[in-house]
Amino acid sequence: MSTTADSHFTFTLPSLSYVDTSQEDQNRIEVARPVQSRGFVEWLAARVAAFRAWNAERQALSELSVMSDRELMDVGLNRGDFVRMFDSTANADLRERGLHQ
């Protein structure tokens, strides 16, 4: 078994506090902040996110539709639950009572 000198593993931690690192470590690296997009880019990103959510729901509904009634019962569902799962307007009564987000 070979030994390695401790000097190979030495490193220095920056001087940090819970207040603000800008007052303590003059060599710190600024973290890049994301640029806030506006206008068309924001609209397009929202549309892409909506499409992805719609597609994920469509795939989930497709997979559940293929399951037998017995398989659905095993996971605590029936075909009548699909409407509440995938149509947000069907859950308005639960939102009014504060039971569903």
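The values are calculated or read from the model by the stated rules, or taken from the named source; none is laboratory data. Not measured: the values here are computed from a predicted model. Here Cβ is always computed from backbone atoms with ideal geometry, including for glycine, and neighbour counts include all displayed protein chains.
So which residues in the range 70-91 are of a type in the set (Gly, Ala, Ser) and closer than 18 Å to residue 57 by Cβ?
Passing the criteria: 80, 88, 90.
Go through 22, 68 for me and flag whichever is surrounded by fewer than 10 Cβ atoms within 10 Å (Cβ to Cβ), over 28 Å from the mean Cα position of the chain (by Cα), hydroxyl-bearing (Ser, Thr, Tyr) and at pLDDT 90 or above.
Only one candidate passes the filter, namely 68.
Of all residues assigned to the range 76-83, none qualifies as being in contact with a Lys or Arg (Cβ under 6 Å, 6 or more places away or on another chain) and at pLDDT below 90. Listed by first and then second residue, the pairs with beta-carbon distance under 8 Å, at least 6 apart or on different chains, first residue in the range 53-74 and closer than 15 Å to residue 85 by Cβ, second part of a loop (DSSP other than H, G, I, E, B) and of a type in the set (A, V, I, L, M, F, W, C), are 64/77.
A single member of 37, 2 is at pLDDT below 55, of a type in the set (Ser, Thr, Tyr), assigned to a loop (DSSP other than H, G, I, E, B) and surrounded by 10 or more Cβ atoms within 10 Å (Cβ to Cβ), and it is 37.
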